[in-house]
Structures are given as C-alpha cells and as structure tokens.
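This report refers to the structure that appears directly beneath it.
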Amino acid sequence: MMITPNNRKEFERNIFLLTERIRIGKLHLPPDKSLMRSLVNMKRIPNKRVAFHSINESARLMANSTANFDRPEFKNRKNAEQ
C-alpha cells in the first residue's frame, strides 16, 4: 500500500529525494522526457518552497513511489528482494 504525504513538508522531501536519486544515478528515468522537464522547470515561491502547480502528475507519483521504497515496511517484506 502506498503512503501519500500528509503535509507539504513530506511532499517536498519526496521531491528532493527524487531529484537527488536522479542526480547521483541511483534512479534512471524512462525515455519520456516530461518527468525530467517537470523537475528541471520546478518553480519556487518567494519563501523558497516548491510551487506545487509547477510539478506534473507523473513527477509527483514518481516522487511518492520512490519514497515508499525506503519505508521499513517495504524493506522488511520477504518478497522485497525478488
């Protein structure tokens, strides 16, 4: 079961984790360039927070999905290594 962020702070954390994984090569993107374009064009509001409307749906879903892979419930599952 996928856990969605409860607040803005958790969502921003997921977005930043996604961009960091892409940057260091831990995550490879699909050939569709819309996800990368969305992250590159991500806008910030004056207080340096992420502007939600500037991130498309596929980038949001990818950020939340990859964040769920780090959850202890996922790592402790017997089938997680297969």
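The values are calculated or read from the model by the stated rules, or taken from the named source; none is laboratory data. As the structure is a computational prediction, the values presented were derived from the model and not from experiment. Neighbour counts are summed over all protein chains in view; Cβ atoms, including those assigned to glycine, are modelled from backbone coordinates with ideal geometry.
Quick rundown of the values:
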read-out	value
Test: residue in the stretch 15-25 that is at pLDDT 85 or above, in contact with an Asp or Glu (Cβ under 8 Å, 6 or more places away or on another chain) and not in a helix (DSSP H, G or I)	no
Residues located in the stretch 25-63, provided they are of a type in the set (S, T, N, Q) and surrounded by 10 or more Cβ atoms within 10 Å (Cβ to Cβ)	Ser34, Ser38, Asn41, Ser54, Asn56, Ser58
